[in-house]
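These notes are about the structure you will find just below.
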Amino acid sequence: MDSHQSYAAHALQQLYKTPFKDLILFENDDYLLINKPAFISTLDDRNDDLSIIRLAKDYIADAQVCHRLDKETSGVLLIAKHPEAYRSASMQFEHRKVTKTYHAVCDGIHDFDDLKIDLPIHATNKGVVKISRRDGKEALTYVKTIKAYRRHTLVECQPVTGRMHQIRIHLTSQGAPISGDEKYGGKPFFLSAIKKKYNLRKDAEEHPLIKRVALHAQSLRFELLDQQSVCVEAPYPKDFAVVVKQLEKLS
């Protein structure tokens with residue numbers, strides 16, 4: 001088991017000990033919004049014993065997940081408590097009335113000013129995607145810089161469509177791969193890359209500060225069944241918060 005797998009296994013062990021209630025950001029009679037931890041699948045995965053949908057159904061028997069987050073992605077996730085709520089949310093997603101906002105730490109220095117990325121995305125049969133004007137499906141993401149540091153940039157992304165790995169491939173297409181996203185050209189986030197005079201103990205191996213794709217679903221805005229608009233924000237998890245804190249401190 002490599003260090004990444006070991007870290008993921010440890011994260012799942014901690015999740016087993018965490019009551020589902022502790023993940024909840026917002027709850028009413030119709031919906032739950034949770035702060036999804038990294039390293040857990042949204043839906044059942046034959047390779048894992050644990051999933052968000054399984055935890056949600058243990059909490060509310062009729063629970064249905066209204067959208068997905070990648071396994072490594074943390075952040076706000078919408079869950080319906082009953083079929084009517086699920087139908088309403090599904091229609092909002094289908095008609096692009098849901099506003100999803102993500103934060104990502106990217107490699108390099110970038111000045112994105114509400115950049116519109118509308119490159120079509122093609123999903124291959126190998127679990128990855130690529131930009132393809134011939135075979136790709138419509139995909140639209142808006143990106144803006146929150147803050148640029150010496151070697152990295154914190155960005156805000158609003159995907160309008162919901163293609164697989166959309167934010168990841170769209171950022172890579174702009175020369176701004178997400179830190180830790182080696183599948184799409186991102187580099188591991190090492191403290192030694194931003195800290196001057198970084199000293200590693202002899203015979204010690206440096207590990208990335210964040211052992212996953214540095215992507216977090218920061219907020220989600222949608223309409224409740226009474227047509228009231230609500231925006232729910234998810235605080236950064238510890239690993240993402242540590243990265244941003246170190247960038248602020250050392251850059």
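Read-outs: derived from the displayed coordinates by stated rules, not from any lab. Predicted, not measured: the structure shown is a model, and the values here were computed from it. Glycine gets a Cβ as well: all are built from the backbone with ideal geometry, and neighbour counts include every protein chain shown.
Which one is surrounded by the fewest Cβ atoms within 10 Å (Cβ to Cβ) among residues in segment 165-220 that are of a type in the set (Ser, Thr, Tyr) and over 27 Å from residue 235 (Cα atoms)?
Taking segment 165-220 and keeping what is of a type in the set (Ser, Thr, Tyr), we get 172-173, 179, 184, 192, 198, 219.
Those still in the list that are over 27 Å from residue 235 (Cα atoms) too: 173, 198.
Values: 173: 17, 198: 12.
Among them, the one singled out is 198.
Residues that are in contact with a Lys or Arg (Cβ under 9 Å, 6 or more places away or on another chain), buried (at least 19 other Cβ atoms within 10 Å of the Cβ) and not polar (S, T, N, Q): which strands (runs of 3 or more DSSP E) entirely in segment 24-110 hold 3 or more of them? Steps first, please.
Details: elements: 24-27, 31-36, 74-80, 99-107.
Those strands (runs of 3 or more DSSP E) span 74-80, 99-107.
Take the residues in segment 111-134 that are surrounded by 12 or more Cβ atoms within 10 Å (Cβ to Cβ) and out of contact with any Ser or Thr (no Cβ under 9 Å at 6 or more places or on another chain), then tell me which one is nearest to residue 188 (Cα to Cα). If you could, list the steps in order and put the result at the bottom.
Restricting attention to segment 111-134, the residues satisfying the condition of being surrounded by 12 or more Cβ atoms within 10 Å (Cβ to Cβ) are 112, 115, 117-123, 128-132.
Cutting the leftovers down to out of contact with any Ser or Thr (no Cβ under 9 Å at 6 or more places or on another chain) gives us 123, 128-129, 132.
Values: 123: 24, 128: 19, 129: 20, 132: 27 Å.
Looking at the filtered set, the residue picked out is 128.
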